[in-house]
1. Can you name every residue in the stretch 201-242 that is of a type in the set (Gly, Ala, Ser) and open to solvent by 10 Å² or more (accessible area, probe 1.4 Å)?
2. Assess whether Phe182 counts as being within 30 Å of Gly546 (Cβ to Cβ), in contact with a Leu (Cβ under 7 Å, 6 or more places away or on another chain) and surrounded by fewer than 24 Cβ atoms within 10 Å (Cβ to Cβ).
3. Which residue is nearest to Val534 (Cα to Cα), if the candidates are limited to the stretch 442-451 and must be open to solvent by less than 20 Å² (accessible area, probe 1.4 Å) and not in a helix (DSSP H, G or I)?
4. Quick one: which of Arg396, Arg387, Arg367 is away from ligand 3 (no atom under 16 Å from the Cβ), in the same structural domain as Asn230 (by TED's automatic domain parsing) and in contact with a Gly (Cβ under 8 Å, 6 or more places away or on another chain)?
5. Name every residue in the stretch 621-648 that is over 28 Å from the mean Cα position of the chain (by Cα) and of a type in the set (S, T, N, Q), in order of residue number.
6. Return a yes/no flag: does the stretch 532-539 have any residue that is closer than 30 Å to Ala741 by Cα, crowded, with 23+ Cβ neighbours inside 10 Å and not hydrophobic (A, V, I, L, M, F, W, C).
7. Please name all residue pairs, on different chains or six or more residues apart, with Cβ atoms under 8 Å, provided the first residue is in the stretch 290-304 and is away from ligand 3 (no atom under 16 Å from the Cβ) and the second residue is among the aromatic types (Phe, Trp, Tyr).
8. Please work out which one of (1) closer than 20 Å to Phe466 by Cα; (2) out of contact with any His (no Cβ under 6 Å at 6 or more places or on another chain) is the condition Ile213 fails and give its number.
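The values are calculated or read from the model by the stated rules, or taken from the named source; none is laboratory data. Model, not experiment: these values are computed from the prediction. Positions of Cβ are generated from backbone atoms using ideal geometry, with glycine treated the same way; all protein chains shown enter the neighbour counts. Areas reflect the complete protein model, heavy atoms only, side chains present, ligands, DNA and RNA absent. Shrake-Rupley method; radii C 1.70, N 1.55, O 1.52, S 1.80 Å.
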Amino acid sequence: MTKKPLNDGSSYPDLTVGPIKHEAVGLPGIFHSMEPALTKLGPARTARLLTSINQKDGFDCMSCAWPDPDKRKALEFCENGAKAVTWEATPVTVPTGFWAENSVTELLDKSEYWLGMQGRLVEPVYKPAGEDHYAPVTWEKAFELIAGKLNGLDSPDRAAFYTSGRTANETAFIYQLFVRAFGTNNLPDCSNMCHESTGTALVETIGIGKSTIAYDDFEHTDLIIIMGQNPGTNHPRMLTALEDAKRSGATIVAVNPLPEPGLIRYKNPQTVRGLIGRGTALADQFLHIRSGGDMALLQAVAKRVLDAEDAKPGTVLDHQFLDEYTLGLDELKAHLAHLDEADVLAATGLASEEIDELADRYIRADRTIITWAMGLTQQKKAVETLRELINLLLLRGNIGRPGAGASPIRGHSNVQGDRTMGIWEQMSDTFLDAIEHEFGFNPPRKHGTDALQTITAMQRGEISVFIALGGNFVGAISDTAAAEAAVRGTELTVQVSTKLNRSHVVTGEAALILPTLGRTEVDLQETGPQFVSVEDSVCAVHGSHGRIPPVAPGILSEVAIVSRLAHATLRDTIDIDWAGFERDYDIIREHISHVVPGFENFNTDVRRKGGFVLPNGPRDSRTFDTATGKAMITVNHLESIERPEGRLILQTMRAHDQFNTTIYSLNDRYRGIKNGRDVIFVNPDDIAELGLRDGQRVDIFSEWKNEPDRVLRNYRVVAYPTARGCAAAYYPEANVLIPLASAADRSNTPVSKAILVRLEPAG
Ligand SMILES: Nc1nc2c(c(=O)[nH]1)N[C@H]1C(S)=C(S)[C@@H](COP(=O)(O)OP(=O)(O)OC[C@H]3O[C@@H](n4cnc5c(=O)[nH]c(N)nc54)[C@H](O)[C@@H]3O)O[C@H]1N2
Ligand SMILES: Nc1nc2c(c(=O)[nH]1)N[C@H]1C(S)=C(S)[C@@H](COP(=O)(O)OP(=O)(O)OC[C@H]3O[C@@H](n4cnc5c(=O)[nH]c(N)nc54)[C@H](O)[C@@H]3O)O[C@H]1N2
Ligand SMILES: [Mo]
């Protein structure tokens, strides 16, 4: 195996670049999904695992937040779900001797791939200040150490508590409860780097930061527009829904700087036709847009819709809906009257006819769904772009009726549920009042730090203890060098994790790793086996029951870890029965049912097969919980990305064989990449214009204001049909190039999809 240190600039010796695939999944997909399981787990454990994924009595697959259909297939998972599940369920464990053999300094040279391959973490370990090794420690001692540190801080705001989106509802709820009882709202989470822009835009326009569709809506729609999303890799089960939608007559439009295989053609591994045939052609129209051009595209389509209405009054807009439920139409009309088509074409790189065609499809479709993911949210103008997306839907009443709606496709399997449970640095007073009422203490009201603010607060020396419930914070956040230096400046870092990653080796002065059970595993407590719950992209909540025995004895569940940490820290200062939470998760659900709207009968509802769907004003009754009580049509100033001569706009994205910072293999099958990740995809015309050649090695310099350039060295140029001027490289390696200050307006999400770069031949 190649051991590639993160960002060390050395190349993968075995890297090969082959042809691009023009279709997703099919026969190779199912084989690829079975192979890791079969080789590592043995057939019995594999069968148990794979037949429980996403079943009504099984566990929720942690690979994405794609919803489950009401009628489950025998195998309700995808290739990448199988990878995620087998990655966690591996019987390989990190041996006790590992810690004495490997110093933290030595581990800094290992890649994310290597770290993850060491197996499951099985015992708590502690690295005291001044030492270069972790060593095993008892759970009691671990909690005592953390509690001592937290209680010694001069203000609770000197600690930050990160959450990654795999955390289940029950854990998330007691975690935020602990953090607020301790006295801070410093609850940064992965959502700050992910769909935060969606939340910001949707809450102010439609009153809820969530999808307005249900799973069935895909069957009843006429048009699906997929923007800034690569479902073939990141939400493979969505392809089945798209295929079904097509079969019911829907049209699909994809908007992306890359012609992603899953967007173009799909072979469903669950059907015989999919296994042997050519599969289904998915996209009816592909818009090869320039990075960040989406706002201009959405405005241009909206303008065409308004013009069509002017030409034939009463036939295009949904006047009844607009009059009754929205505000702001006249302002939008006045604003778009001045939209300059030349600006639109420059920003999008598209031809007017292509935009006409999309507008025409939109006007002809009675019901439209727009889905989106990171291509829209991780942009400087993400919030404005999403406000435009909502404008377009509102014009034709495409919210709150069957087959229509706004559909952000979530990332982590429970990232949406974590927010519902209060993991947010700026929860509303209504939520905080409910906490106060239920638990009898007054939670802090001052907003806490989000992910980027946590790093900058560390830089200023204002945060000295960092605790993470899952995830890989330094691996996931921007500006790796700056982030790592910031974390190193803290006094204590604590990671609750299943497997090793970069965040375990870039530590504060002292550090702890607390191993935890994964979602696949049986969680046995005093009152019997426990289950947890999650909320998917379409607001459906259901139970997740671990089905395989824990990988080793002595690993605590996340609920147990949070309960014990809370008790060790708070003792009896607040009257909360933390130990009761660990004994019986129903007690946690009972509290949630008193605090979080929609969960009133949580313990009963979650036991129903298939779970329950949370209330959603826009979807259920066209109720918009905004400041005005109406859905807000907004005016947004068009701004597109300036690209100075000789520069490219670089996006950072996922390969097919990774889950965020977890690298399953060094391949990106659909894009033709094997045995390596140090590639930059560039349009052949740009390669020529820059005086480079395909296959050449280059250094990538990112330019940001007056700051010194950030650099990623010795990357191989791969000629690829990305939009002109738009390059692509893999996250997390390319995070070194993203300046900390480069964040989306208002949502403060790192601009991971638009980095201004210059390429120079490698020295
Ligand atoms: N197997 C697997 N599944 C996953 C994950 C994983 O890493 N692996 N991660 C999970 C998580 S946390 C998330 S958030 C989701 C991420 O799911 P995606 O958002 O699909 O992930 P990315 O790889 O970031 O892909 C972004 C897509 O947006 C396109 N894009 C980039 N810039 C622009 C732009 O300016 N305009 C438009 N229209 N498109 C653009 C890119 O070409 C790419 O197709 O997936 C989740 N599911
Ligand atoms: N440049 C760039 N940066 C990005 C992005 C991008 O597209 N480009 N995407 C952003 C997005 S969308 C996201 S969501 C973030 C992701 O940021 P994070 O959520 O912080 O990162 P992950 O890589 O998903 O975390 C993986 C780690 O979680 C731990 N883990 C896995 N399962 C469990 C479990 O069940 N319990 C616990 N306690 N731990 C577990 C393992 O130790 C594993 O190493 O990254 C963001 N960063
Ligand atoms: Mo995400």
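1. So the first thing to find is which residues in the stretch 201-242 are of a type in the set (Gly, Ala, Ser), and the list is 201, 207, 209, 211, 214, 228, 232, 241.
Hits for the stretch 201-242 are Gly207, Gly209, Ala214, Gly228.
2. Numbers: within 30 Å of Gly546 (Cβ to Cβ): yes; in contact with a Leu (Cβ under 7 Å, 6 or more places away or on another chain): yes; surrounded by fewer than 24 Cβ atoms within 10 Å (Cβ to Cβ): yes.
Against the criterion (within 30 Å of Gly546 (Cβ to Cβ), in contact with a Leu (Cβ under 7 Å, 6 or more places away or on another chain) and surrounded by fewer than 24 Cβ atoms within 10 Å (Cβ to Cβ)), Phe182 qualifies.
3. Within the stretch 442-451, the first condition is being open to solvent by less than 20 Å² (accessible area, probe 1.4 Å), and the residues that meet it are 443, 448, 450-451.
Filter once more, keeping what is not in a helix (DSSP H, G or I): 443, 448, 450.
On the way: Pro443: 25, Gly448: 25, Asp450: 22 Å.
Among them, the one singled out is Asp450.
4. Going through Arg396, Arg387, Arg367 in turn, just one is away from ligand 3 (no atom under 16 Å from the Cβ), in the same structural domain as Asn230 (by TED's automatic domain parsing) and in contact with a Gly (Cβ under 8 Å, 6 or more places away or on another chain): Arg367.
5. Matches in the stretch 621-648: Ser621, Thr628.
6. Within the stretch 532-539, the subset closer than 30 Å to Ala741 by Cα is 537.
From the residues that got through so far, the ones that are crowded, with 23+ Cβ neighbours inside 10 Å too are 537.
Still in the running and not hydrophobic (A, V, I, L, M, F, W, C): 537.
The answer is yes; a qualifying residue exists.
7. Pairs found: Val301/Tyr362.
8. (1)
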